[in-house]
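These notes are about the structure you will find just below.
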């Protein structure tokens, strides 16, 4: 992983299901934006025991990627959701948060974020592409 996504750090969240899922359960990659004023604030929320939210990866504005929840655990990023025949999308997806907000200074996607996101996606597509639902 480190070779494909060079700038990865870890800041684990307590907000995930304790039971591991099988690799074959991963069907979707879901992109979110934080909508928050700062990336540090967003990471604090994603890793706060009382927030009830998390994701698998967080892409910082400088291109660094923070792993929040390991892939085979169910992160809490999609809420009470469904898509096609799948209920509880969290169980079938990997959540990726981008530091972006329409309301604050972080209101654009810059080159470093997009370049890191592309590397992360390449890694995830190689790992899960036979399983993903398009």
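The values are calculated or read from the model by the stated rules, or taken from the named source; none is laboratory data. Being a predicted model, the structure only gives us computed values, none of them experimental. Cβ placement follows ideal geometry from the backbone for every residue including glycine, while neighbour counts extend to all protein chains displayed.
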Of the conditions (1) in contact (Cβ under 8 Å) with a residue 12 or more places away in the chain; (2) more than 27 Å from residue 130 (Cβ to Cβ); (3) out of contact with any strand residue (DSSP E or B) (no Cβ under 8 Å at 6 or more places or on another chain); (4) exposed (fewer than 13 other Cβ atoms within 10 Å of the Cβ), residue 84 satisfies every one except a single condition; which number is it? (2)
Taking only the range 18-27 into account, find how many residues are in a loop (DSSP other than H, G, I, E, B) and more than 11 Å from residue 56 (Cβ to Cβ). 6
Residue 30: passes all of (1) part of a loop (DSSP other than H, G, I, E, B); (2) within 11 Å of the chain's Cα centre (by Cα); (3) surrounded by 14 or more Cβ atoms within 10 Å (Cβ to Cβ) but (1)
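For every residue, the table says whether it meets (1) modelled with pLDDT of 95 or more; (2) surrounded by fewer than 17 Cβ atoms within 10 Å (Cβ to Cβ); (3) more than 12 Å from the chain's Cα centre (by Cα).
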position: 3; (1), (2), (3): no, yes, yes
position: 6; (1), (2), (3): no, yes, yes
position: 10; (1), (2), (3): no, yes, yes
position: 24; (1), (2), (3): no, yes, yes
position: 50; (1), (2), (3): yes, yes, yes
position: 57; (1), (2), (3): yes, no, no
position: 68; (1), (2), (3): yes, no, no
position: 75; (1), (2), (3): yes, no, no
position: 80; (1), (2), (3): no, yes, yes
Are any of the residues in the range 102-110 part of a loop (DSSP other than H, G, I, E, B), surrounded by 12 or more Cβ atoms within 10 Å (Cβ to Cβ), touching a strand residue (DSSP E or B) at 6+ places or on another chain (Cβ under 8 Å) and without any contact (Cβ under 8 Å) to a residue 40 or more places away in the chain? yes
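Condition check ((1) in contact with a strand residue (DSSP E or B) (Cβ under 7 Å, 6 or more places away or on another chain); (2) under 27 Å from residue 129 (Cβ atoms)) across all residues:
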| residue | (1), (2) |
| --- | --- |
| 25 | no, yes |
| 28 | yes, yes |
| 31 | yes, yes |
| 35 | no, no |
| 44 | no, no |
| 54 | yes, yes |
Scan 95, 79 and give me the residue that is within 24 Å of residue 11 (Cβ to Cβ), outside any helix (DSSP H, G or I) and without any contact (Cβ under 8 Å) to a residue 40 or more places away in the chain. 79
